[in-house]
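The values are calculated or read from the model by the stated rules, or taken from the named source; none is laboratory data. Bear in mind that the values here come from a model prediction, so they are computed numbers and not experimental data. Because the Cβ atoms are built from the backbone with ideal geometry, glycine has one as well, and the counts that use them run over all protein chains shown. SASA here: full protein model, heavy atoms, side chains in, ligands and nucleic acids out. Shrake-Rupley method; radii C 1.70, N 1.55, O 1.52, S 1.80 Å.
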Amino acid sequence: MNVNTTKNLITKTLLTLGTVTALAACAVEPALMVNTESKQAVQNYTTFSWVKDDPMFINGDFQPSPQMSAKVMESIKKELETKGYRFTEERTNADLVVLFSVGANEKTEFEKFPNYFSENARWMSNYQDGDVGEVTKVTVLHAGIAIDVFDREKREAVWYGSAKRKLKEHDEASAILDPEGLSKSVQVLLTEFPKAS
C-alpha cells in the first residue's frame with residue numbers, strides 16, 4: 001500500500017468517525033411535555049414539608065432504584081428553596097406538603113393519515129383539516145414525574161405539575177426514570193412554580 005493510499009484511508013476513516021460522533025451528539029431525546037395547574041395563590045405560603053417520610057408514589061410497573069426517592073426529594077427541595085420557600089422537618093407546622101409520583105404508563109392514541117398521499121403530492125394541497133382517511137390506533141408509553149402540592153391545614157390541592165416524555169421503546173423508560181433524568185425533569189417542571197412573596 002503506497003503512502004497516498006494510506007493517507008486517503010486514514011482521512012476517510014477519520015471523516016467517518018467524525019460523522020458518527022456528530023450524529024450521536026445530535027441525537028435528541030424525546031421532548032419533555034410539561035403540564036401545570038395552580039389551584040390557588042401558592043405564593044402566599046412560606047414553608048413546606050413532605051406529605052410523609054417517603055413522599056414518592058410509584059405509578060405503573062416501573063421499579064425505581066433505591067436512591068431515587070432521596071435524589072428527587074433533594075431536587076424538589078432545592079428548587080422550592082430557590083423560589084423562596086423554606087423547608088421544615090416539622091410537617092405539622094408546614095404551610096404546604098408535597099408528594100410526587102414517578103412511573104411509566106401505556107396510553108392509547110390515534111394517528112390520522114390523509115385520504116390521498118403520494119411522492120408527488122404537495123402536503124398542504126392534499127391534506128386539509130377534516131380530510132382524514134385512515135385512522136390507526138396505537139399504544140404509546142409515557143414516562144415521567146408528577147408533583148402535587150397541598151395546603152396542609154385545609155388538605156386541599158394548591159398546585160399540580162407533570163413532566164413526561166413519550167417513548168418509542170419500553171427500554172427507554174429506565175433512562176428517563178433514573179435519578180439524574182428525574183432531577184432534570186424536576187428542575188424544568190418547577191420553573192413553572194410561583195415564587196414566594
Hey, among the residues in region 32-91 that are assigned to a helix (DSSP H, G or I), touching a Ser or Thr at 6+ places or on another chain (Cβ under 6 Å) and not basic (Lys, Arg), which one's surrounded by the most Cβ atoms within 10 Å (Cβ to Cβ)?
75
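Residues in region 122-144: is at least one under 20 Å from residue 33 (Cβ atoms), open to solvent by 40 Å² or more (accessible area, probe 1.4 Å) and at pLDDT 90 or above?
Narrowing region 122-144 to residues under 20 Å from residue 33 (Cβ atoms): 138-144.
Of the ones still in play, those that are also open to solvent by 40 Å² or more (accessible area, probe 1.4 Å) are 139.
Filter once more, so that each one left must be at pLDDT 90 or above: none.
No, the conditions are met nowhere in region 122-144.
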What are the pairs with Cβ atoms under 7 angstrom where one residue, in region 81-101, is without any contact (Cβ under 8 Å) to a residue 24 or more places away in the chain and the other, located anywhere, is in a strand (DSSP E or B) and surrounded by 15 or more Cβ atoms within 10 Å (Cβ to Cβ)? Sequence gap at least six, or different chains.
81/87
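Quick grid of which residues meet (1) aliphatic (A, V, I, L, M); (2) open to solvent by 90 Å² or more (accessible area, probe 1.4 Å); (3) more than 28 Å from residue 82 (Cβ to Cβ); (4) at pLDDT 90 or above:
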residue: 119; (1), (2), (3), (4): no, yes, yes, no
residue: 152; (1), (2), (3), (4): no, no, no, yes
residue: 159; (1), (2), (3), (4): no, no, no, yes
residue: 164; (1), (2), (3), (4): no, no, no, no
residue: 167; (1), (2), (3), (4): yes, no, yes, no
residue: 173; (1), (2), (3), (4): yes, no, yes, no
residue: 186; (1), (2), (3), (4): yes, no, no, yes
residue: 192; (1), (2), (3), (4): no, yes, no, no
Test residue 92 against the stated conditions and say whether it is at pLDDT 90 or above and more than 15 Å from residue 159 (Cβ to Cβ).
yes
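Go through region 92-103 and give me each residue that's open to solvent by less than 80 Å² (accessible area, probe 1.4 Å), over 21 Å from residue 144 (Cβ atoms) and not small (Gly, Ala, Ser).
Once the filter is applied, which keeps residues that are open to solvent by less than 80 Å² (accessible area, probe 1.4 Å), over 21 Å from residue 144 (Cβ atoms) and not small (Gly, Ala, Ser), region 92-103 yields 95, 96, 97.
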